[in-house]
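Report on the structure given below.
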Amino acid sequence: MRRKVIAGNWKMNMLPDEAIRFIEELTPLVKDTENEVVLCVPYTDLFYVLLNVQGTNIKVGAQNVHFEESGAYTGEISAKMLKSINVEYVIIGHSERRQYFAETDETINKKIKVAITNGLKPIVCVGETLEEREKGITFDIITKQTRLALEGIDKDQVKNVIIAYEPVWAIGTGKTATADEANEAIKKIREEISKIYGNDIAECVIIQYGGSIKSSNAREFLTKSDIDGGLVGGASLKPEEFSKIVNY
Ligand code: 13P
């Protein structure tokens, strides 16, 4: 059985004092869950959050990483830097980064490799735009993104990769794919992984849904056969709301 991973993506929100208060409030609300609880927070919150989650079941992730090990890349953060302070997860290839920061399938693939080499668990985002959906090419887009993301990554490594299916048109819009549509898309992604690595490996890979998940719709998504968790944006900014998603 795959475990459920519920990850919050705070995006560019929350100052350290707000983050610390958030952890204090969230901790008792999620302490009994069997699901993996992850918070992907801004770089400036990482250290504070890591100190404050000690002794809890809350795991911590970053929202991006540079694809080189080190060097003259002003303003960037390396995988080794994240690992050095005990960050466990890192979001890679979020559609906002593909859209606003010119991330490509190639840079995303490099980032996944450097994350894995340094012992971080990547949460890799794939998803179609509204235009692509209307053209009827959703499955082509998401399977291609998945294949390119995983190029050169071996069997043992891919088990530690999480894929997040996030339809771009569903992010922050209040619109969601139906739970059945999301489940079908995720099955396609799993089939693609199976083509590369075989069925046994594909069955182990965690594939989340993301896009306007909230407490009122979480159960619908998270009880589907192939949806192994959620990547939650807006609704991860309030401890009580986020805890309801975790405890769906
Ligand atoms: P929303 O939950 O705000 O739609 O954002 C989803 C997302 O982008 C998570 O990475």
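Bear in mind that the values in this text are calculations on the coordinates, not laboratory data. Keep in mind it's a predicted model, so treat the numbers as computed, not measured. Every residue, glycine among them, receives a Cβ derived from its backbone with ideal geometry; neighbour counts consider all protein chains shown.
Listed conditions (1) touching a Lys or Arg at 6+ places or on another chain (Cβ under 9 Å); (2) under 21 Å from His94 (Cα atoms); (3) not in a loop (DSSP other than H, G, I, E, B) are all met by Lys187, apart from (1).
I'd like to verify a number: residues in segment 133-179 that are over 13 Å from Gln99 (Cβ atoms) and out of contact with any strand residue (DSSP E or B) (no Cβ under 7 Å at 6 or more places or on another chain), how many?
Total satisfying the criteria: 32.
Scanning segment 92-127 for residues that are more than 21 Å from Glu69 (Cβ to Cβ) and buried (at least 17 other Cβ atoms within 10 Å of the Cβ) yields His94, Ser95, Glu96, Arg98, Cys125, Val126, Gly127.
Within segment 196-221, the set of residues being part of a helix (DSSP H, G or I) and away from the ligand (no atom under 14 Å from the Cβ) comprises Ile196, Tyr197, Asn199, Asp200, Ile201, Ala202, Arg219, Glu220. Among the residues making up segment 201-221, those that are of a type outside the set (Gly, Ala, Ser), within 16 Å of Arg190 (Cα to Cα) and surrounded by 18 or more Cβ atoms within 10 Å (Cβ to Cβ) are Val205, Ile206, Ile207, Gln208, Tyr209.
When segment 144-187 is examined, which residues are found to be within 11 Å of the ligand (Cβ to nearest atom) and of a type in the set (D, E, K, R)? Residues satisfying the conditions are Glu166, Lys175. Is it fair to say Lys11 is out of contact with any helix residue (DSSP H, G or I) (no Cβ under 8 Å at 6 or more places or on another chain) and either surrounded by 13 or more Cβ atoms within 10 Å (Cβ to Cβ) or more than 21 Å from Gln208 (Cβ to Cβ) (or both)? Here the answer is no, as Lys11 does not meet what is asked.
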